[in-house]
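Peer 1: Dumping the structure here so I can ask a few things about it.
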Amino acid sequence: MSQPKIGIIMGSKSDLPVMQDAADVLNELGVEYEITVVSAHRTPERMFSYAKAAADRGLKVIIAGAGGAAHLPGMVASLTHLPVIGVPVKSSNSIDGWDSILSILQMPNGIPVATVALNAAKNAGILAAQILSTADEFLVQNLIKYKETLKQKVEESAEEMKAEQGLNSLRSK
């Protein structure tokens, strides 16, 4: 197993069902990653250590998911030069996810966090892979294949609907 290039972190283990989507797409694309819990509020020292050591451990991108006040992505971004992708998570104590979205999206100038849609960890994984692909031709090819698969699924769905509509128009006569 090679060294992880992407760190996936979340504020609580309860965020794992959402954040697993990032891990799954990275597996599909052949990208090594690590995944753990790092809470900005409950374990600030752990968060600080994780962010400060990430680049030295070989990470190139960090995906940080959090719900509620969602300070994890921004705080990590303030501690590292690595790109950070924030995943707002709709948690049980959330205000329909808006608190998480705005906490991650509204970063001050100088501390950017790329932000994906609510619970869109899969997009965060794809974006992280795209960032890595700027220096990895193998990953470029995997991303091209992945996107071609998405295109094929849409084409297949369109054909299925066309066939179903043909059946429905026959039924209505």
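Peer 1: If you scan the stretch 116-138, which residues turn out to be more than 15 Å from the chain's Cα centre (by Cα) and closer than 25 Å to M10 by Cα?
Peer 2: Within the stretch 116-138, the subset more than 15 Å from the chain's Cα centre (by Cα) is 133-138.
Scanning the stretch 116-138 gives a single hit, S133.
Peer 1: Yes or no: the stretch 6-23 includes at least one residue that is touching a Phe, Trp or Tyr at 6+ places or on another chain (Cβ under 6 Å), within 14 Å of K122 (Cα to Cα) and touching a residue at least 24 places away in the same chain (Cβ under 8 Å). Give the derivation first.
Peer 2: Start the filter on the stretch 6-23 by keeping residues that are touching a Phe, Trp or Tyr at 6+ places or on another chain (Cβ under 6 Å), which leaves 6, 8.
The next check asks that each one be within 14 Å of K122 (Cα to Cα); those that pass are 6, 8.
Those still in the list that are touching a residue at least 24 places away in the same chain (Cβ under 8 Å) too: 6, 8.
Scanning the stretch 6-23 turns up at least one residue that is touching a Phe, Trp or Tyr at 6+ places or on another chain (Cβ under 6 Å), within 14 Å of K122 (Cα to Cα) and touching a residue at least 24 places away in the same chain (Cβ under 8 Å).
Peer 1: Do we have D56 as surrounded by fewer than 24 Cβ atoms within 10 Å (Cβ to Cβ), under 13 Å from the mean Cα position of the chain (by Cα) and at pLDDT 95 or above here?
Peer 2: Values: surrounded by fewer than 24 Cβ atoms within 10 Å (Cβ to Cβ): yes; under 13 Å from the mean Cα position of the chain (by Cα): no; at pLDDT 95 or above: yes.
In short, no.
Peer 1: Something else about it: Filter the stretch 81-137 for residues that are touching a residue at least 40 places away in the same chain (Cβ under 8 Å) and exposed (fewer than 14 other Cβ atoms within 10 Å of the Cβ) and give the result.
Peer 2: Listed by number, the list holds a single entry, S92.
Peer 1: A further question on this structure: Could you grab the pairs with beta carbons closer than 7 Å, sequence gap of 6+ or different chains, first residue in the stretch 47-76 and among the hydroxyl-bearing types (S, T, Y), second one in a strand (DSSP E or B)?
Peer 2: Y50/I9
Peer 1: Please work out which residue is farthest from F138 (Cα to Cα), limiting yourself to the stretch 1-24 and to residues that are loosely packed, with under 15 Cβ neighbours inside 10 Å and not basic (K, R). Walk me through how you get there before you give the answer.
Peer 2: Initial filter on the stretch 1-24 (loosely packed, with under 15 Cβ neighbours inside 10 Å): 1-3, 13-14, 17, 24.
Right, trim to not basic (K, R) and you get 1-3, 14, 17, 24.
Numbers: M1: 17, S2: 15, Q3: 16, S14: 34, P17: 29, D24: 18 Å.
If we take residues in the stretch 1-24 being loosely packed, with under 15 Cβ neighbours inside 10 Å and not basic (K, R), then S14 is farthest from F138 (Cα to Cα).
Peer 1: Hey, can you tell me all the residues within the stretch 76-99 that are hydroxyl-bearing (S, T, Y) and at pLDDT below 95?
Peer 2: Taking the stretch 76-99 and keeping what is hydroxyl-bearing (S, T, Y), we get 78, 80, 91-92, 94.
S91, S92, S94 - these are the residues of the stretch 76-99 that are hydroxyl-bearing (S, T, Y) and at pLDDT below 95.
Here's the yes/no breakdown for (1) of a type outside the set (D, E, K, R); (2) over 16 Å from the mean Cα position of the chain (by Cα); (3) not assigned by TED's automatic domain parsing to the domain that holds D15:
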residue: K60; (1), (2), (3): no, no, no
residue: S78; (1), (2), (3): yes, yes, no
residue: W98; (1), (2), (3): yes, yes, no
residue: I104; (1), (2), (3): yes, no, no
residue: A114; (1), (2), (3): yes, no, no
residue: E148; (1), (2), (3): no, yes, yes
residue: K153; (1), (2), (3): no, yes, yes
residue: E160; (1), (2), (3): no, yes, yes
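Peer 1: Another question, then. Yes or no: L143 under 27 Å from E28 (Cα atoms), in contact (Cβ under 8 Å) with a residue 12 or more places away in the chain and out of contact with any Gly (no Cβ under 8 Å at 6 or more places or on another chain)? Outline the logic, then answer.
Peer 2: On the way: under 27 Å from E28 (Cα atoms): yes; in contact (Cβ under 8 Å) with a residue 12 or more places away in the chain: yes; out of contact with any Gly (no Cβ under 8 Å at 6 or more places or on another chain): yes.
Yes.
Peer 1: Separate question: So, in the stretch 25-39, how many residues would count as being surrounded by fewer than 19 Cβ atoms within 10 Å (Cβ to Cβ) and either free of Cβ contacts under 8 Å to residues at least 24 places away in the same chain or within 20 Å of P73 (Cα to Cα) (or both)?
Peer 2: Restricting attention to the stretch 25-39, the residues satisfying the condition of being surrounded by fewer than 19 Cβ atoms within 10 Å (Cβ to Cβ) are 27-28, 30, 32, 34-37, 39.
The next check asks that each one be either free of Cβ contacts under 8 Å to residues at least 24 places away in the same chain or within 20 Å of P73 (Cα to Cα) (or both); those that pass are 27, 34-37, 39.
Final tally of qualifying residues: 6.
Table: residues versus (1) of a type in the set (A, V, I, L, M, F, W, C); (2) within 17 Å of the chain's Cα centre (by Cα); (3) not assigned by TED's automatic domain parsing to the domain that holds A121.
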residue: S12; (1), (2), (3): no, yes, no
residue: P17; (1), (2), (3): no, yes, no
residue: I63; (1), (2), (3): yes, yes, no
residue: G74; (1), (2), (3): no, yes, no
residue: H81; (1), (2), (3): no, no, no
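Peer 1: For V89, are the conditions met, namely being touching an Asp or Glu at 6+ places or on another chain (Cβ under 6 Å), on the phi < 0 side of the Ramachandran plot and among the aliphatic types (A, V, I, L, M)?
Peer 2: Values: touching an Asp or Glu at 6+ places or on another chain (Cβ under 6 Å): yes; on the phi < 0 side of the Ramachandran plot: yes; among the aliphatic types (A, V, I, L, M): yes.
When the stated conditions are applied, V89 passes them.
The values are calculated or read from the model by the stated rules, or taken from the named source; none is laboratory data. Note that this is a predicted model, so its numbers are computed, not measured. Counting neighbours? That spans all protein chains shown, and the Cβs are built from the backbone with ideal geometry, glycine included.
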